[in-house]
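Inspection log for the structure reproduced underneath, given as structure tokens.
The values are calculated or read from the model by the stated rules, or taken from the named source; none is laboratory data. Since this is a predicted model, take the numbers as computed values, not measurements. All Cβ positions, even for glycine, are placed from backbone atoms using ideal geometry, and neighbour counts span all protein chains on display. Keep in mind that these areas ignore ligands, DNA and RNA; they rest on the heavy atoms of the full protein, side chains included. Shrake-Rupley method; radii C 1.70, N 1.55, O 1.52, S 1.80 Å.
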Amino acid sequence: MDSVIIVLDGSFCCETHSQTHVIGKNDIFFFKCGDTFHRKIISPITAIYIVLNSHDFVCNQKVTPSHHTRINEDIEFLVNAITEGDIQTENHFINDILYCQRNSIKEADPLIKEVIRYLQENYHHNLSLDHLAQQFGVSKQWLILRFKRETNATPIAYLNHLRMKKAKELLLNQQMRIGEIALACGFDTPYYFSNTFKKTYGISPTIWRKNMIL
């Protein structure tokens with residue numbers, strides 16, 4: 001049997017086969033049950049631990065899905081399925097995470113890694129595909145194709161993913177108005193922000209905030 005740990009919060013250090021891995025928030029670690037496994041908690045962790053009757057993935061591998069929109073979404077849906085006791089949906093997203101892991105073994109594209117880092121650091125600015133292509137000296141078509149091959153998302157879809165993730169954090173701050181949150185997340189207008197949020201989560205940011213704070 002093989003196992004998967006998906007860390008939702010906190011971090012720990014583990015040693016397997018003379019290798020040391022630091023597993024932190026949103027990281028996924030794949031390992032084989034029965035292997036020597038020493039773990040040291042760095043900060044209190046909240047995690048999903050899954051035992052699988054499968055050998056269809058590479059063991060003793062850490063995957064950091066921060067740049068992989070598909071895995072990020074899988075984890076979010078998986079948590080909901082586990083909470084609701086929906087075994088069928090749970091299995092679907094576990095299998096999809098395994099599929100993504102098998103396809104993440106290839107060496108990451110260095111330039112796309114730089115684009116990802118740039119988006120993570122500048123999501124709050126007014127970015128466009130034209131700007132990104134010019135910034136990295138490539139064509140828009142090339143950037144879309146290479147970025148999608150690495151992350152299963154376009155650069156703009158990934159940018160919106162970052163912005164929505166930050167927006168949910170800021171919405172929990174009742175002192176910030178919707179317009180302030182929109183600007184902080186890189187949107188020109190509150191309307192554009194609210195429209196994007198509703199398309200992503202099926203609910204307006206105002207209602208989402210009310211539901212979370214209740």
Test set (1) acidic (Asp, Glu); (2) closer than 21 Å to TYR158 by Cβ; (3) at pLDDT below 80 - ASP56 fails condition number: (2)
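Which residue out of ALA167, ALA157, ALA153, ALA182 is touching a Pro at 6+ places or on another chain (Cβ under 8 Å) and under 21 Å from ILE71 (Cβ atoms)?
Values: ALA157 fails: touching a Pro at 6+ places or on another chain (Cβ under 8 Å); ALA153 fails: touching a Pro at 6+ places or on another chain (Cβ under 8 Å); ALA182 fails: under 21 Å from ILE71 (Cβ atoms).
Result of the check over ALA167, ALA157, ALA153, ALA182: ALA167.
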Residues that are more than 12 Å from LYS168 (Cβ to Cβ) and open to solvent by less than 70 Å² (accessible area, probe 1.4 Å), drawn from the range 203-212: SER204
Filter pass, LEU162 being out of contact with any Ser or Thr (no Cβ under 6 Å at 6 or more places or on another chain), under 26 Å from ASN195 (Cα atoms) and of a type outside the set (D, E, K, R): yes
Every residue from the range 68-92 that is open to solvent by less than 20 Å² (accessible area, probe 1.4 Å) and either assigned to a helix (DSSP H, G or I) or in contact with a His (Cβ under 8 Å, 6 or more places away or on another chain) (or both): THR69, ILE71, ASP74, ILE75, LEU78, ALA81
Index of the failed condition, PRO190 passing every other in (1) in contact with a Phe, Trp or Tyr (Cβ under 6 Å, 6 or more places away or on another chain); (2) closer than 30 Å to LYS140 by Cα: (1)
Meets criteria (open to solvent by 60 Å² or more (accessible area, probe 1.4 Å), in a helix (DSSP H, G or I) and more than 22 Å from ASP74 (Cβ to Cβ)) for GLN135: yes
Residues located in the range 178-202, provided they are open to solvent by less than 40 Å² (accessible area, probe 1.4 Å) and free of Cβ contacts under 8 Å to residues at least 60 places away in the same chain: ILE178, GLY179, ILE181, ALA182, PHE187, PHE193, SER194, THR196, PHE197
Selection count where residues are farther than 14 Å from LEU111 by Cβ and either surrounded by 20 or more Cβ atoms within 10 Å (Cβ to Cβ) or not basic (Lys, Arg) (or both), scope the range 141-177: 22
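Output the residues belonging to the range 104-119 that are part of a helix (DSSP H, G or I) and open to solvent by less than 70 Å² (accessible area, probe 1.4 Å). Outline the logic, then answer.
Going through the range 104-119, the residues part of a helix (DSSP H, G or I) turn out to be 110-119.
LEU111, ILE112, VAL115, ILE116, TYR118, LEU119 - these are the residues of the range 104-119 that are part of a helix (DSSP H, G or I) and open to solvent by less than 70 Å² (accessible area, probe 1.4 Å).
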